[in-house]
1. Output the residues belonging to segment 87-102 that are of a type outside the set (D, E, K, R) and over 16 Å from Ile120 (Cα atoms).
2. Of everything in segment 72-110, what is of a type in the set (D, E, K, R) and closer than 24 Å to Thr51 by Cα? Give them in sequence order.
3. Select the strands (runs of 3 or more DSSP E) contained entirely in segment 24-77, then report the ones holding at least 3 residues which are of a type in the set (Phe, Trp, Tyr) and either open to solvent by less than 20 Å² (accessible area, probe 1.4 Å) or touching a residue at least 24 places away in the same chain (Cβ under 8 Å) (or both).
4. With Asp137, Asp106, Asp91, Asp146 as the choices, which residue is charged (D, E, K, R) and in contact (Cβ under 8 Å) with a residue 60 or more places away in the chain?
Amino acid sequence: MITFSGVSAQKKKKSHPLDDINCPITQNELLLDGKHFASVPPIFLRVYNETAEYATVQLGKRKGNVFLYFKIFTDNTCVKQEQPLELYFEDGAVLSLKNQLKVNCDGNVVLELSVRQIKIIRSHLINKIKFFTLNKDYEFSPTDADNKLLREYLTCFKYYKVKND
């Protein structure tokens, strides 16, 4: 009599890129320019060598597009349309992003990120952010934790579909 010993191969479960990160994406019923949008919590930055000047960087998604929202909390900070926000990376590369909002003195900037720009941000550490305004240029130094959050949030948005109820 011949017996067969059945060896069961365990199937390896494919891991999903979101398995190891927390994706705190929120989407409510509010509309932005008539379209649904989703966002993640803001990342707070302090102006380099200043004690009382702050800004936030926040990511959002509308339709299939990812946006970076930048807001400086210094009164009367005027920003022109096409005014750049520059990201300086650890390896010396620089990514210049152009403001898409009209001229405003609220310190608001909206930047639509291309797939190429998202890949650059996800694969490099940002060691400096320069924000150019009409009155003054500002500099920020994101921490390793800030960089980690930014990369995780971009990964989250890669897989998140905005619900259009």
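1. If the condition is that a residue be of a type outside the set (D, E, K, R) and over 16 Å from Ile120 (Cα atoms), then Asn99, Gln100, Leu101 are the ones that fit.
2. Matches in segment 72-110: Asp75, Glu86, Asp106.
3. Here the list reads 65-72.
4. Of the residues listed, the single one that is charged (D, E, K, R) and in contact (Cβ under 8 Å) with a residue 60 or more places away in the chain is Asp146.
The values are calculated or read from the model by the stated rules, or taken from the named source; none is laboratory data. Nothing here was measured: the structure is a model prediction, and the numbers come from that model. Cβ sites come from the backbone with ideal geometry, for glycine too, and all protein chains shown count toward neighbours. Side chains are part of the model used for accessible areas, which takes the heavy atoms of the whole protein and leaves out ligands, DNA and RNA. Shrake-Rupley method; radii C 1.70, N 1.55, O 1.52, S 1.80 Å.
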